[in-house]
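Trainee: Structure below; questions to follow.
The values are calculated or read from the model by the stated rules, or taken from the named source; none is laboratory data. Computed from a predicted model, the values in this text were never measured in an experiment. FYI the Cβ positions are ideal-geometry reconstructions off the backbone, even for glycines, and counts take in every protein chain you see. With ligands, DNA and RNA removed, areas are computed over all heavy atoms of the protein, side chains included. Shrake-Rupley method; radii C 1.70, N 1.55, O 1.52, S 1.80 Å.
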Amino acid sequence: LSGFYAVRLTNAAAETAGGGSGTQTRTCLARRSPIGPRNVGRIRLGFTRRRLRRVPVRPVRITRRSYRYCVKRSSGRVTAVFSRRGRVALVTTTARVHGNRRVRPGSRARALRRAYSRRRAIAPGIYRANPRSPRLIGVRKGRVRFFAVASPKLLRHPRRLARHVRLAGL
């Protein structure tokens with residue numbers, strides 16, 4: 001069995017082999033995703049559904065108002081919640097590997113109080129990192145449960161913000 005073999009791959013096989021044109025899709029978001037002022041890793045505030053399709057990671061779950069992504073080697077998830085106009089207004093993460101100032105989901109609330117002395121409560125169990133920060137930290141039963149980044153418009157309406165957090169499944 002020697003000689004020359006010409007093989008043609010179908011679309012699905014070409015994508016998994018990396019031979020397809022365009023970007024290669026990954027299964028989950030990176031563990032070391034930073035929580036920036038407008039993003040959690042590749043998921044950014046203001047993105048539309050069309051723009052999120054260009055991100056090289058596919059959502060694990062899609063609902064009418066949110067996209068949910070897995071995180072590599074983590075049971076946590078990153079969720080993008082859409083406004084009524086179809087843009088990402090809230091990005092949340094429950095992955096224990098994501099965090100800021102040595103505080104991450106699963107940390108004690110005491111560590112949050114020590115790291116964020118200028119935090120402000122804006123809804124029950126939801127704190128802003130400081131009075132002008134877009135970063136949010138959710139606390140329940142004495143533990144940090146999630147980190148989030150919210151749009152400025154959403155931050156002006158605490159009840160709407162709480163509704164978006166529920167839409168994220170938190």
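Trainee: Looking at the stretch 42-62, which of its residues are of a type outside the set (Phe, Trp, Tyr), in contact (Cβ under 8 Å) with a residue 40 or more places away in the chain and assigned to a loop (DSSP other than H, G, I, E, B)?
Mentor: Once the filter is applied, which keeps residues that are of a type outside the set (Phe, Trp, Tyr), in contact (Cβ under 8 Å) with a residue 40 or more places away in the chain and assigned to a loop (DSSP other than H, G, I, E, B), the stretch 42-62 yields Leu45, Gly46.
Trainee: Could you grab me the full set of residues in the stretch 36-53 that are within 11 Å of Phe82 (Cβ to Cβ) and of a type in the set (Val, Ile, Thr)?
Mentor: Thr48
Trainee: Separate question: Report, ordered by the first and then the second residue, all pairs with beta carbons closer than 7 Å, sequence separation of six or more or different chains, a first member in the stretch 159-170 that is without any contact (Cβ under 8 Å) to a residue 24 or more places away in the chain and charged (D, E, K, R), and a second member that is open to solvent by 40 Å² or more (accessible area, probe 1.4 Å) and part of a helix (DSSP H, G or I).
Mentor: Matching pairs, first to second residue: none at all.
Trainee: Now for a different question. Among the candidates Arg102, Arg118, Arg77, single out the residue that is within 18 Å of Val149 (Cα to Cα), open to solvent by 20 Å² or more (accessible area, probe 1.4 Å), within 11 Å of the chain's Cα centre (by Cα) and of a type outside the set (Phe, Trp, Tyr).
Mentor: Answer to the check: Arg77.
Trainee: How about the stretch 48-59: which of its residues are within 12 Å of the chain's Cα centre (by Cα) and open to solvent by 20 Å² or more (accessible area, probe 1.4 Å)? Reasoning before the result, please.
Mentor: Residues of the stretch 48-59 that are within 12 Å of the chain's Cα centre (by Cα), as a first pass: 52, 57, 59.
Matches in the stretch 48-59: Pro59 only.
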